[in-house]
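The structure under discussion appears below in the form of structure tokens.
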Amino acid sequence: MTPPAIDCVMHRVSRTCPSPGMDFSVIIVSYNAAGHLGRCLESVFQQKKVSFEVFVVDNASEDGSCGLVSEHFPGTHLIANATNAGFAKANNQALKKAQGEIVYFLNPDTALGPGVLYRVKTYLSDHPEVGIAGTRIVNPDGSFQASVEMRYPGGRHGEKEMKALFATSGVSPAPVAWVLGASMAGRRSVLQGIGGFDERFFLYGEDADICLRVRKAGFEVGFIPEAVVVHWGGESERGHSRLSVWEKKIRAETLFFNKHYSKTTCRKIHREGLLQAYWRLLGIKAGMLFAKDKREERAEKYVKYLAVTRGYRWNP
């Protein structure tokens, strides 16, 4: 039996006390991210012109993250899980308690620039058709980091089916399909109305899924370039092998396909993926006759893809 979560709610400072007109509930899911978490929280508490509450949901970190939050950020709601609940489920834990009109999902390895929350609030106020939106995300050196996608996973097969869905359902065919979950804000009424994140997504894929479900609920997905957030990236997978990360991404994509596409489309995507994997394996094996270098690792990735997807019950 999975141990119950330990809900450690700390005392709140006055500026973040829940009130009927609270602007934001900021939710940060953390897993062994103490090296970044303090900087992230500092950037949140420095935001001005808005009212907010802050949740940190810790997924059984072993690096002192809970102690850091309780000692240095007593204005934070801390939910300390006894086991790693995954990204989607941990976010939902806080979403159920959230009282802000806007819920802002934020990774612990980020830092908000000045005025980010105010710009997000202004954008959503000016765009009532938008249910969820992403911010501009940059690398620590200020360079561009991809945070907006114009199409869903599944290539041309998935894109064709999505266009047909939007054409017949009246859902807006807006150019933004989904935004990166590292910095994503949505209306609480919309997010709670669709049931929050799908908890079958443990890590990866949940951002594309929730954005699509928001669109299916009749809202658009937006992008706020004026709100700039620095993202270090990869903190949640530090210490995990590339192969294990690759496997999680494959499983997340497979779940997304099976959930949102028809059986025919799923089979087309699967068939194309298998052919690509076999073809690349053949090329890699041929190249290994002359030089191994990193070809063995690349081969393992495609072997893993075949192991995960072969025999999968597509959209039963």
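Every read-out reported here was derived from the displayed coordinates using simple, explicitly stated rules and does not represent laboratory data. Keep in mind that what you see is a predicted model, and the values were worked out from it rather than measured. In this analysis, Cβ positions are derived from the backbone assuming ideal geometry, glycine residues included, and neighbour counts consider all displayed protein chains.
Subtracting the Cα-Cα distance from 0.36 nm times the residue separation, let me have the gained length for residue 138 to residue 189 in nm, one decimal.
Length gained, residue 138 through residue 189: 15.5 nm.
Beyond a 26 Å Cα-Cα separation, which of these cross-linked pairs lie in this structure: 96/163; 89/249; 121/163?
96/163; 121/163
For the peptides 206-215, 247-256, what is the packing order when you average, over each peptide's residues, the other Cβ atoms within 10 Å and list the highest mean first?
206-215, 247-256
Which residues among the range 242-257 fall inside the zone where the amide N is under 13 Å from a point 7 Å beyond the Cα of residue 300, along Cα→Cβ?
242-247
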